[in-house]
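Structure first, commentary second.
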Amino acid sequence: LTGESRYLAMAREIERDWERAGDYLRTGLARTEFFRTPRPRWESLPSLQGLLELWRVTGEARYREAFLHHWRSIARFDRHNTGGFSSGEQATGNPWNPAPIETCCTVAWMALSVDALRLTGDPRVADELELALLNGGLGAQHPSGRWWTYNTPMDGVREASAHSIVFQARAGTPELNCCSVNAPRVLGSLADWAVMRDAAGLTLNWHGPGEVTTVTPSGTRLRLRCESPFPLQGRVSWTVEPEAAAGEFTLRFRVPGWSEKTTAALNGESLSVPRGPGYLELRRTWASGDRVDLAFNMRLRFVPGDREARGRVSVYRGPLLLAYDPRFNPFDESALPPLDLGRLGEARVVASAPASRPALTPAPWLWVDVPAADGRVVRLCDFASAGATGLRYRSWLPAAAPPPPPPIPRAPADGATIGAGRTTFRWTSKPDALLTNYLVVVARDPEGRLPLAEFGPVAQPRLTLEDTAKQRLPARTELWWRVLARGPNGETPSQQPLARFFYDPSAPSSPQDEELAPGPEGIVVRAPLQKDAQPEYGRLERGPEFSLVSEPAGAITNAVRLNGRDQMLVYALPEDFGEDYSAAVWVRVRELPAGRIGQVLSLWAGGMDDPLRLTVDGGQLFARIEAQKVFSTRGLSIQPGVWYHVAAVKAGAKLTLYLNGEAQQTI
């Protein structure tokens with residue numbers, strides 16, 4: 001804006017400061033998944049937007065590359081079925097995580113996505129914005145308009161943010177908090193992405209009813225009117241009204257990815273429509289009154305869940321997520337019958353009738369009666385209306401004979417180069433009765449519709465390709481890959497967006513981390529922590545500069561010393577190390593932490609998701625598990641300056657804390 005170098009110098013200082021925070025640039029260039037970065041909380045998203053601003057100012061492609069990597073990582077690993085972002089206020093790499101989905105986090109994700117849409121013009125990003133707006137976004141507002149939530153869970157109960165985060169209340173403004181003031185951006189940001197303009201013309205991303213007044217590339221005033229019952233129905237009519245001769249310009253109409261077959265007409269004449277996600281692009285000299293009609297396929301579709309939602313499905317009608325609400329059904333949640341996925345085509349849409357309902361009972365946008373496997377009917381409503389009366393609702397629904405859960409590609413890293421030598425493709429998935437095998441498909445397009453080669457089937461979530469197999473791929477080309485999980489009830493493709501790679505047999509491959517798996521006797525990590533932090537088994541991911549214990553300590557010599565404030569040793573863990581596990585460590589606390597918790601060991605995976613933690617709190621040692629709530633042993637008093645051998649064993653539903661070889665408590 002100003003061209004003054006001092007402002008750029010200040011931005012460079014902020015960039016250097018990032019290295020001590022989320023390290024957003026370097027982790028993006030290293031293709032580190034966002035949930036694995038040092039600061040995967042939602043407050044980091046504005047810093048990601050800062051990467052894009054630095055690209056605009058400097059033109060350096062590395063900022064753009066890092067920004068897009070992080071956006072794609074969040075979309076693949078941390079965007080929930082509602083379109084919302086975050087689990088416990090941050091990324092965890094698990095879109096099925098039932099931890100709170102904070103409204104501020106979804107707003108930040110939408111703001112990041114608006115920037116991604118401006119940057120790329122990618123219709124997939126517009127699909128993400130539509131999903132977030134109509135489900136997680138509007139679901140955060142009570143139909144009365146009276147309040148917004150802090151947490152809009154996939155399954156659960158909605159409550160006003162003033163109740164969830166009451167600690168933010170102040171005298172005179174008890175309902176004013178971060179979420180209540182941030183949430184209206186869900187609706188306000190629609191003005192940022194509904195209609196966009198470039199040198200060629202206008203892009204129409206939002207098909208809801210409304211009117212837009214803008215100008216054409218030549219500067220002529222233009223009015224666009226949309227008459228539509230969207231998103232309740234798929235019929236959309238756009239009327240183009242330039243005030244004067246505007247010359248030739250382009251209008252692009254978004255074709256959503258969820259519409260399997262879209263039809264269109266210009267002034268009654270049928271048009272050829274590209275398959276979504278994409279744009280119907282029309283360049284012509286537009287006359288006042290020209291009309292473009294679109295018809296989207298609103299058939300019901302379902303998406304299988306995994307992890308906490310394994311064996312269940314989410315059902316959508318067009319862009320709307322559907323949910324169970326007990327006020328519309330004669331059975332409670334515990335008696336909810338499995339849906340008959342093979343008969344979704346028989347589902348019946350029932351229009352909502354607000355006028356016939358009591359004024360104080362919010363009516364949904366629509367109901368859909370879906371056949372259940374036992375012959376009954378489950379009445380679902382739009383997610384934004386579910387739970388409006390305070391009852392518990394569900395968007396992950398039981399299903400008879402569900403297909404396998406969707407795999408999530410892990411390696412090679414998104415955007416990596418594959419060169420000569422052995423390459424291992426890995427993905428997140430857990431074989432069970434729903435799964436028979438996997439097939440890896442490499443395609444030349446980001447939707448996977450133009451396959452080049454199939455590899456497999458394989459029984460485990462990994463596939464190793466030698467050079468002879470890779471000769472089936474075109475060289476020096478950007479390619480996309482997906483995994484098909486196949487089972488007795490059908491097949492499920494991997495999560496979107498598809499992962500990319502560049503195949504260049506003359507180039508060195510991007511480094512790949514070794515696959516982590518328990519070793520001899522089930523060891524995951526074993527590190528003596530004497531003289532250095534390198535493990536005998538396992539992988540050290542991050543370690544600070546540390547000192548060694550110099551004073552005599554019995555049999556323990558040259559032990560690693562950490563400062564207890566901002567130093568930690570981080571070791572890699574496998575995706576799945578089972579339901580039963582243990583941890584043991586020799587530790588000497590030099591000074592008990594005052595007014596805070598001191599961590600000895602943690603298997604932390606995300607907010608309120610810590611499979612095992614050894615911690616010092618109030619001068620006492622605890623073993624704890626965090627799984628949406630905290631499970632803790634009683635505290636054991638410890639003395640500063642004394643070496644202790646501490647162990648915790650999780651076996652089944654029991655957690656036992658040991659001190660110097662003696663069991664102290666089991667919960």
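Quick look at the numbers
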read-out	value
Filter result (in contact with a Lys or Arg (Cβ under 8 Å, 6 or more places away or on another chain) and over 19 Å from Ala126 (Cα atoms)) within region 245-264	Glu248, Phe249
Yes/no for Asp445 being touching a helix residue (DSSP H, G or I) at 6+ places or on another chain (Cβ under 9 Å), among the acidic types (Asp, Glu) and at pLDDT below 95	no
Qualifying residue in region 258-270 (condition: at pLDDT below 95, over 30 Å from Pro100 (Cα atoms) and of a type in the set (Asp, Glu))	yes
Residues of region 208-262 that turn out to be farther than 30 Å from Arg348 by Cβ and not aromatic (Phe, Trp, Tyr), as a count	28
Leading residue by the ranking (nearest to the chain's Cα centre (by Cα)) among those in region 581-625 that are surrounded by fewer than 17 Cβ atoms within 10 Å (Cβ to Cβ) and among the basic types (Lys, Arg)	Arg596
Yes/no for Val442 being of a type in the set (A, V, I, L, M, F, W, C) and in the same structural domain as Pro330 (by TED's automatic domain parsing)	no
Val630 being assigned by TED's automatic domain parsing to the domain that holds Leu529, surrounded by 18 or more Cβ atoms within 10 Å (Cβ to Cβ) and of a type in the set (A, V, I, L, M, F, W, C)	no
Strands (runs of 3 or more DSSP E) contained in region 403-495 and holding at least 2 residues small (Gly, Ala, Ser) and free of Cβ contacts under 8 Å to residues at least 40 places away in the same chain	451-458
Helices (runs of 4 or more DSSP H) within region 1-116 that include 3 or more residues within 25 Å of Pro319 (Cα to Cα) and not assigned by TED's automatic domain parsing to the domain that holds Gly318	61-77
Positions within region 140-187 being closer than 23 Å to Phe383 by Cα and either in the same structural domain as Trp206 (by TED's automatic domain parsing) or polar (S, T, N, Q) (or both), in sequence order	Gln141, Ser144, Thr149, Asn151, Thr152, Ser161, Ser164, Ser180, Asn182
From Ser509, Ser550, residue being part of a loop (DSSP other than H, G, I, E, B), modelled with pLDDT under 75 and in contact with a strand residue (DSSP E or B) (Cβ under 6 Å, 6 or more places away or on another chain)	Ser509
Residues that are of a type in the set (A, V, I, L, M), at pLDDT 95 or above and not in a loop (DSSP other than H, G, I, E, B), drawn from region 364-383	Val368, Val370, Ala372, Val377, Val378, Leu380
Flag for Pro319 being touching a residue at least 60 places away in the same chain (Cβ under 8 Å) and surrounded by 20 or more Cβ atoms within 10 Å (Cβ to Cβ)	yes
Filter result for Pro304 (within 30 Å of Gly93 (Cα to Cα), in contact with an Asp or Glu (Cβ under 6 Å, 6 or more places away or on another chain) and not assigned by TED's automatic domain parsing to the domain that holds Asn81)	no
Entirely in region 151-222, the helices (runs of 4 or more DSSP H) that have 2 or more residues that are in contact (Cβ under 8 Å) with a residue 40 or more places away in the chain and hydrophobic (A, V, I, L, M, F, W, C)	178-182, 185-188, 190-193
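The values are calculated or read from the model by the stated rules, or taken from the named source; none is laboratory data. The model shown is predicted, which means the values in this text are computed figures rather than measured ones. Because the Cβ atoms are built from the backbone with ideal geometry, glycine has one as well, and the counts that use them run over all protein chains shown.
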